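Written out below as structure tokens is the structure these notes cover.
Bear in mind that the values in this text are calculations on the coordinates, not laboratory data. Quick caveat: nothing in here was measured; it's all calculated off a predicted structure. Cβ placement follows ideal geometry from the backbone for every residue including glycine, while neighbour counts extend to all protein chains displayed.
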Amino acid sequence: MTEQEKKENKSVYGDAPEDETIESHTLAIIVDNEPGVLARVIGLFSGRGYNIESLTVAEIDHEKNLSRITVVSTGTPQVIDQIKHQLGRLVPVHKVVDLTVSGPHVSSEVALIKIVREKDKHDAAIEKAKAFDAEIVDVTDESLIFEVTGDAQTVTNFINIMKPMGLTNVTRTGIVALMRGPKTI
């Protein structure tokens, strides 16, 4: 791990033991859909110095008043266990599932990428977008907006390829994920 990576993954509680690796985990959290719940969940992360790499929230059951928060966070196995335990103790939290360890799961993300149209790069940008199955969702005389869907690395790769094409803006949804097969949370 480089010095820069160590700085980026550093917790306010100090360095991890040298023999423990930093892992990325996707957590699905079922919560009451009410004001302040997201702030409490996020407060748990920020108050303990845990980083959130991705966050998505949506209502999943209107009648039961439930929402699902999907969080991608990194840490040592001990830190990830702490996060799960502390999330489970919050009153509005009904269930916490670590999709990374609970079995196979599917994850995806959507991004919108705007490039300023330069005539000499226009066709090249469209050709590169085809390789990622990206769709053109808006065209003006000055710009193109692409929509790309895939895992986080695919989205990042597409963004990096579009940078020399005149990329000006990016917005990403964050990771959404579900367990494969009949098992549910």
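Modelling each spin label as a point 7 Å along the Cα-to-Cβ direction, I'd like the Val91/Leu38 distance in nm, to one decimal.
Taking the simple label geometry, Val91 and Leu38 are separated by 2.1 nm.
Just to verify a number: FRET efficiency for Glu20 and Thr56, C-beta to C-beta distance, R0 = 30 Å, to 0.05? Show your work: numbers first, answer last.
Numbers: r = 28 Å, r/R0 = 0.93.
With a Förster radius of 30 Å, E is 0.60.
Would you mind computing, in nm to one decimal, how far apart the modelled labels at Lys121 and Val139 are, each placed 7 Å from Cα along Cα→Cβ?
1.9
Determine, for region 38-185, the count of lysine pairs separated by eight or more sequence positions (or lying on different chains) whose alpha-carbon distance falls under 27 Å.
Final tally of qualifying lysine pairs is 16.
Using only Cα atoms and rounding to the nearest 10 degrees, what angle (0 to 90) does helix 37-47 make with the longest principal axis of the chain?
The angle comes out near 80 degrees.
Quick query: amide H of Lys95 versus all other amide H atoms, modeled in the peptide plane; which residues come in under 5 Å with a sequence gap of 5 or more or a different chain?
Residues meeting the criterion, in which the H sits 1.01 Å from N, are Ile30.
With the Cα gyration tensor of region 105-178 giving a ≥ b ≥ c as the square roots of its eigenvalues, does the rule (a/c under 1.5 for rounded; else a/b larger than b/c for prolate; else oblate) give rounded, prolate or oblate?
Numbers: a/c = 2.35, a/b = 2.06, b/c = 1.14.
Verdict is prolate for region 105-178.
Given H placed on each backbone N at 1.01 Å, which residues far from Leu66 in sequence or on other chains put an amide H within less than 5 Å of it?
When sequence neighbours closer than 5 places are left aside, the close amide H contacts are Asn33, Ile60, Asp61.
Nearest 10 degrees, 0 to 90: what angle lies between the long axis of helix 119-131 and the longest principal axis of the chain (Cα atoms)?
Result, in degrees: 50.
Sum up the charges of everything whose Cβ sits under 12 Å from the Cβ of Ile145, counting Lys and Arg as +1 and Asp and Glu as -1, but leave Ile145 out. Mind showing how you got there, number by number?
On the way: positive: Lys114, Arg117; negative: Glu135, Asp138, Glu142, Glu147.
Here the count lands on -2.
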